[in-house]
Amino acid sequence: MYTEPWNIHIADEFTTPAFRHAAKVWVPKKPLVIVPSRMIDASAPVYGYGEVQEGDNDLLSRPDGVPMGEQIIVHGRVTDSWGRPASGMLIELWQANAAGKYVHAHDRTPKPIDPYFTGTGRTLTGADGEYTFRTIKPGAYPWTQHREAWRAQHLHLSLSGRGLSERLVTQMLFPGDPLIDRDPIVTTIPDEKARERLISRLDWEAAIDQIAIAYRFDIVLGGMNATPVEH
Ligand SMILES: [Fe+2]
């Protein structure tokens, strides 16, 4: 048995150096406080109350320049647990740039900000539940627990709309990424099949010839084959 200063007893099999380091980082050392709801809600881009505009799903369509990185198409279909298309859903996307850097004050990693890339977009699903984004493939970035903890390349997606009592947030991964099996967030999902449902697949049909590879990421809202969401 291993005992840390905050008197939590941890079984021996969990007392690897990486685990002890993570526990020191994440276990609260001060009394919990009530966080204003506006701060909780701010874990995604804040667009205000304006209507979704044409082009909001195109993260490359700036008049002043083109961001660095590999241009990709991300698209898919949102369905409910019965396989019925979820139309009119608001999907918001946020992501790191090609260097693995977020446009966020909390990202203090020594990587370049891309002046032509905000890393945010949004769209509404169509009548058949389909959605599309044009963006940059994000870079991986380190997760501070230990040396080998890196986030796999990923997109953050939130969904809200009819039939949902609250916004759902999930992440899309890229096939073949060697970091997925080590990702400190993905590996918290115990069900291997559920983890696989976060991985998009290459889709040559939707690719733009000579310009952009496409990835398909279908999202299922609930049921046995539900896409994992964050709680
Ligand atoms: Fe992220």
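The values are calculated or read from the model by the stated rules, or taken from the named source; none is laboratory data. Since we're looking at a predicted model, the values are computed, not measured. Cβ atoms come from the backbone with ideal geometry, glycine included; neighbour counts cover every protein chain shown. Heads up: the accessible areas ignore ligands, DNA and RNA and are worked out on the full protein's heavy atoms, side chains in. Shrake-Rupley method; radii C 1.70, N 1.55, O 1.52, S 1.80 Å.
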Sorting 104, 231, 154 by accessible area (1.4 Å probe), largest first, what list results? 231, 104, 154
Work out from phi, with θ = phi - 60° and the Karplus expression 6.51 cos²θ - 1.76 cosθ + 1.60, the ³J(HN,Hα) of each residue of segment 210-223, listed in order in whole Hz, and give x for Gly and Pro. 6, 10, 9, 6, 10, 10, 9, 9, 7, 10, 10, 9, x, x
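What ranking of 165, 160 comes out by heavy-atom accessible area, probe 1.4 Å, highest first? Intermediate results must be reported in sequence, preceding the final value.
Working: 165 125, 160 35 Å².
Ranking 165, 160 by accessible area, largest first, yields 165, 160.
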Along segment 49-63, what does the Karplus equation 6.51 cos²θ - 1.76 cosθ + 1.60 (θ = phi - 60°) give for ³J(HN,Hα), rounded to whole Hz, x for Gly and Pro? 9, x, 6, 5, 9, 4, x, 5, 8, 10, 7, 10, 9, 9, x
Output wanted: per-residue J couplings in Hz (rounded whole) for segment 113-122, from phi through Karplus 6.51 cos²θ - 1.76 cosθ + 1.60, θ = phi - 60°, x for Gly and Pro. 7, 9, x, 10, 9, 8, x, 10, x, 7
Compute the accessible area per residue over segment 53-221, keeping the other protein chains in place, probe 1.4 Å, unit Å². 52 Å²
Dividing the alpha-carbon Rg of segment 51-201 by 2.2 N^0.38 Å yields what? 1.07
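Taking a 31 Å limit on the Cα-Cα distance, which of the listed pairs 30/137; 29/193; 29/101 fall beyond it? If you can, show how the numbers build up before the last one.
Values: 30/137 38 Å; 29/193 35 Å; 29/101 29 Å.
Those over the limit are 30/137; 29/193.
Please list 204, 143, 94 in order of solvent-accessible area, largest first, computed with a 1.4 Å probe with all protein chains present.
Details: 204 175, 143 70, 94 35 Å².
The residues order as 204, 143, 94, largest area first.
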Extension gain (nm, one decimal) between residue 80 and residue 66, 0.36 nm per residue minus Cα-Cα: 1.5 nm
Residue 207-residue 181 pseudo-label distance in nm [points 7 Å out on the Cα-to-Cβ vector]: 2.5 nm
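Note the full-extension length gain between residue 32 and residue 143 as 0.36 nm times their separation in residues minus their Cα-Cα distance, in nm to one decimal. Don't skip to the end; give the middle numbers.
On the way: separation 111, 0.36 × 111 = 39.96 nm, distance 2.37 nm.
Between residue 32 and residue 143, full extension yields 37.6 nm more.
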How many nm separate the modelled label positions at residue 194 and residue 109, each set 7 Å beyond the Cα in the direction of the Cβ? 2.6 nm
For segment 53-221, the charge dipole (Cβ of Lys, Arg +1; Cβ of Asp, Glu -1; about the Cα centre) points to a positive end, and the Cα of 74, 139, 174 closest to that extreme belongs to 139
What is segment 124-231 by shape, rounded, prolate or oblate, if you read a ≥ b ≥ c off the alpha carbon gyration tensor as root eigenvalues and call it rounded for a/c under 1.5, prolate for a/b larger than b/c, and oblate otherwise? oblate
